[in-house]
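Data first, discussion second: the structure below is written as structure tokens.
The values are calculated or read from the model by the stated rules, or taken from the named source; none is laboratory data. For clarity, every value in this text was computed on a predicted model and none was experimentally measured. Quick reminder, even Gly has a Cβ in these numbers, built from the backbone with ideal geometry, and neighbours come from all protein chains shown. These area figures cover heavy atoms from the full protein model, side chains too; ligands, DNA and RNA do not enter into them. Shrake-Rupley method; radii C 1.70, N 1.55, O 1.52, S 1.80 Å.
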Amino acid sequence: MGQKVNPYGFRLGITTDWKSRWFEERHYKDFVVEDWKIRDYLMRQLEAAAVSRIEVERTRDRLRVDIHTARPGIVIGRRGAEADRLKKHLEEITGLQNRIQLNIQEIKQPELDAALIAQGICDQLVRRVAFRRAMKRAIQTVQKAGAQGIKVQCSGRLGGSEMSRKEQYREGRVPLHTLRADIDYGFREARTTSGRVGVKVWIYKGDILPYKVSIEDKITREAAMAVGETSGQSGPRRLITAGGGRRRAEGFSSEEEAAEEAAEEAAAAAVNGATAEAEVEAEVEAEGEEEVEAPVSDLLPQPTEPDDLERQLRQDEEMERQSRHEHHEAPHFRKESD
């Protein structure tokens, strides 16, 4: 009783995939240390890039590093200068010259990534924001993004108190014992002036079915590894969320639905084309301008206008401030002088 297990390792091979994908018998410990050096270097260099996770995949003579980030522009740099610098240093760590593939993958919904939510809370704690306000704001952000449940826990000298303690909040369902549940887990540490504060975040996004990789997918990936190619990520997982509604039959039930689907595809193609043209024009304008470092915005959006949550948070902070001054310090007795 009371023994906790990591949600990622608990579902490894069932609903989650390995973050290091390679097999080696003779040089196993060397490769493990090398993977740790790669992740440690990239996380230290990309502290402001909102990096969620780093995956390493090896073949016989090549190395592939996947960086999942919410701000790919910071990782790539101007005209790819930052990516080239990182790649050059990785070659020095591994000793593989011109055999490292660096892939930067953008996270489309950072509000549903547990590691990024934990990092956002840590950034607020470093800026001396009240921990209850940071935790409740994170819960509100995740719920607005469409998650079915979230749990946040902070451990350490919260609020600069002398005694360390744990505080946690939960909203919705977080079924940690259900293997088919898609639980995203993230852990980060905030280096505050009073010590380190650990932040853990669990986000429940729905159930995954089927929750075992199909035989055809395994065969395809093993064949890619055998010929020396990287297998990459498996296919998109099938998410089943609550209240899904009526399923549509395969194919179109009428010609009107087919026409509507074609119209939607044409509109999406037009929007994508306009977006691509705008990106090209922005790149051309950026090349002529001088390099200016833009301030990095917070991962958690700030509320535009005060609402009920903000008023409640202010009241809680005021009550905590008053109670801390009343009961925090023990009475001091002065020795009477003769």
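A few remarks follow.
- Leading residue by the ranking (most open to solvent (accessible area, probe 1.4 Å)) among those in the stretch 133-157 that are assigned to a helix (DSSP H, G or I) and touching a Phe, Trp or Tyr at 6+ places or on another chain (Cβ under 8 Å): LYS136
- Scanning the stretch 177-201 for residues that are open to solvent by 20 Å² or more (accessible area, probe 1.4 Å) and charged (D, E, K, R) yields ARG180, ASP184, ARG188, GLU189, ARG191, ARG196, LYS200.
- Some residue of the stretch 25-35 being of a type outside the set (Gly, Ala, Ser), in a strand (DSSP E or B) and either in contact with a Lys or Arg (Cβ under 8 Å, 6 or more places away or on another chain) or modelled with pLDDT of 90 or more (or both): no
- One residue from SER164, SER155 being touching a Gly at 6+ places or on another chain (Cβ under 8 Å), touching a residue at least 40 places away in the same chain (Cβ under 8 Å) and among the hydroxyl-bearing types (Ser, Thr, Tyr): SER155
- Some residue of the stretch 46-67 being assigned to a helix (DSSP H, G or I), at pLDDT below 90, in contact with a helix residue (DSSP H, G or I) (Cβ under 9 Å, 6 or more places away or on another chain) and hydroxyl-bearing (Ser, Thr, Tyr): no
- Of the criteria (1) surrounded by 18 or more Cβ atoms within 10 Å (Cβ to Cβ); (2) modelled with pLDDT of 90 or more; (3) in a helix (DSSP H, G or I), which one VAL174 fails: (3)
- Remark: pairs (first residue in the stretch 52-70, crowded, with 19+ Cβ neighbours inside 10 Å; second residue part of a strand (DSSP E or B) and basic (Lys, Arg); Cβ separation under 7 Å; 6+ apart in sequence or on different chains) = GLU57/ARG21; GLU57/ARG64; HIS68/ARG53.
Residue-wise test of (1) open to solvent by 50 Å² or more (accessible area, probe 1.4 Å); (2) within 30 Å of GLY206 (Cα to Cα); (3) acidic (Asp, Glu); (4) within 17 Å of the chain's Cα centre (by Cα).
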| site | (1), (2), (3), (4) |
| --- | --- |
| VAL5 | yes, yes, no, no |
| LEU12 | yes, yes, no, no |
| TRP18 | yes, yes, no, yes |
| TYR28 | yes, no, no, no |
| LYS37 | yes, no, no, no |
| ASP40 | yes, no, yes, yes |
| MET43 | yes, yes, no, yes |
| LEU46 | no, no, no, yes |
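- Test: GLN124 is open to solvent by less than 40 Å² (accessible area, probe 1.4 Å), farther than 30 Å from GLU57 by Cα, assigned to a strand (DSSP E or B) and out of contact with any Phe, Trp or Tyr (no Cβ under 6 Å at 6 or more places or on another chain): no
- Residue within the stretch 87-107 that is within 16 Å of ASP66 (Cα to Cα), open to solvent by less than 70 Å² (accessible area, probe 1.4 Å), touching a residue at least 12 places away in the same chain (Cβ under 8 Å) and in a loop (DSSP other than H, G, I, E, B) present: yes
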